[in-house]
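Read the structure below first, then the notes.
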Amino acid sequence: MRTSAFLYPWDVVGDPAAAQRIADLGVQQVTLASAYHSTRALTPRHPGHRIMTARHSAVYYPPDPRRWADRALRPQVQSWMPGDDPFGEAAARLREAGLRVHSWVVLAHNSRLGADHPGTSVRNAYGDPYPWAPCIARQEVLDHLVDLAAEAAARPGAEGTELESCGWYGLAHLHAHDKISGVPLGGAAQYLMSLCFCGDCRRGYEAAGASAVELRAAVRTALEPLWRGEPPAAGDRPAAGDRPARDARSAEWAEVERLLGADLAGVTLAHRAAVALRFQQAAVAAVREAAGPGFRVMLHADPAPHRSGPNPGVDPQRILAAADGLVLPCTGGAEERAEILRAVGPHRRPASVLAANLTVVSGMGGRPGELAAAAREATALGAGELRLYHAGLASDQDLELVRGALKEL
């Protein structure tokens, strides 16, 4: 079973031992960030630093000036690492250690884009902008992200790519000093708060058969009981612990239909699913054109079309006709893994790759000691590969557990 560990370029650049340390885990591949959102990351073993702060969304390679000339929306280059191509330097070191390298490209998650160009952001039913969430219904955003996908994916030294946030982003976001948890929001409420009402999306709802004015009013009316402190419906309560109820995604959507009515709910999903599919297909096609034959293209995805975020909702049947496979969020309990993998299984093609993404950082809720068992469960449900989040963030103890589990597997 091919196993890939996620890494940032700063996990490798400046640490002569990093590449071999990763190879010694027993993985065959590294998924290495080439375009990534802002973050503050721990580097437990790096000889030169312990904390790396990426101040804004950036690319970790020199962008082609011909591609971006005279364009208002363009990628920002990182300035917190030495050299102009830290991705290329890290990829070279990893390949020397015998590891495959795939690029890791974050697309519709970019706070810098929203700050510099406020008109590109998702706007909720109250008119509030989400600067971290570019609205993919806007043509200028779509064009920018598709070109970014092509350039950031097909880097020298990469044999494939994984596209994260290739779809809708929404309310949920790891924000600095976050203060939005005072009112608990379940999946249906998250969906309603993630609906965009920018001009393009309002026109999209109208084209799908609903009045955007009436839809906005319906969303605000549906959310009002939550702001008053009334408990959410049973089908929309945040899961206790990390073991969601069976078929939680279907329960979420049933609650959306109850809150909005089936017709209005269907209009929102029809618009969003069509926009997302157009973006996903265009991004995959652009990467294939840039990279040439034999370059594997995978998407981080959720099989529930209404979901948004780093693993946005997809239509598994249609996207697997374009992409080589999906990286699926399987870091929860056995029930969640089964729900996700069973939802995708009937739509996979013989050559489709399903990769189970498992968190192996104890401090982030991962269970590296249960990796072997989780991998066997995922394999039995149709996963052919593993992704391990995140080899650069994990402690030595976590990595030792990973090494033991992969040896066992």
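The values are calculated or read from the model by the stated rules, or taken from the named source; none is laboratory data. Bear in mind that the values here come from a model prediction, so they are computed numbers and not experimental data. Backbone-built Cβ (ideal geometry, glycine too); neighbour counts: all protein chains shown. Heavy atoms of the whole protein, side chains included, go into the accessibility calculation; ligands, DNA and RNA do not. Shrake-Rupley method; radii C 1.70, N 1.55, O 1.52, S 1.80 Å.
Miscellaneous remarks
- C-alpha long axis of helix 212-227 to longest principal axis of the chain, angle in °: 80
- Local net charge near R249, Cβ-Cβ under 9 Å (Lys/Arg +1, Asp/Glu -1): -3
- Free-standing Cys, the chain [no other Cys Cβ under 4.7 Å]: C135, C166, C198, C330
- In region 249-328, Rg over Rh equals 1.06, where Rg is the alpha-carbon radius of gyration and Rh the Kirkwood radius from pairwise Cα distances.
- With all protein chains kept in place, the per residue accessible area of the chain amounts to 41 square angstrom at a probe of 1.4 angstrom.
- By accessible area, using a 1.4 Å probe on protein heavy atoms only, the chain has 52% of its surface on carbon and sulfur.
- Taken over the alpha carbons of region 88-127 as equal point scatterers, the Debye sum produces base-10 log I(q)/I(0) values at 0.33 Å⁻¹ of -1.07.
- Over all other residues within a Cβ to Cβ distance under 13 Å of P44, the charged ones net out to -2, with Lys and Arg as +1 and Asp and Glu as -1.
- Net charge of Cβ neighbours under 11 Å - reference A54; Lys, Arg +1; Asp, Glu -1: +3
- Column: log10 I(q)/I(0), Debye, Cα scatterers of the chain, q = 0.08, 0.13, 0.14, 0.15 Å⁻¹: -0.41, -1.14, -1.33, -1.52
- Based on DSSP H segments of at least four residues, each scored -39500 (n - 2.57), the chain has a per-residue ellipticity at 222 nm of -11500 deg cm²/dmol.
- Angle in degrees between helix 248-260 and the longest Cα principal axis of the chain, rounded to the nearest 10: 30
- Unit charges on C-beta of K, R, D, E only; dipole of region 264-337, Debye: 160
- Relative contact order, percent, the chain [alpha-carbon distance under 8 Å, six or more residues apart]: 17
- Dividing the Cα radius of gyration of region 251-409 by 2.2 N^0.38 Å, with N the residue count, gives 1.14.
- Highest-MSF residue in the chain out of A262, A149, A351 [GNM, Cα springs under 10 Å]: A351
- Angle in degrees between helix 86-96 and the longest Cα principal axis of the chain, rounded to the nearest 10: 50
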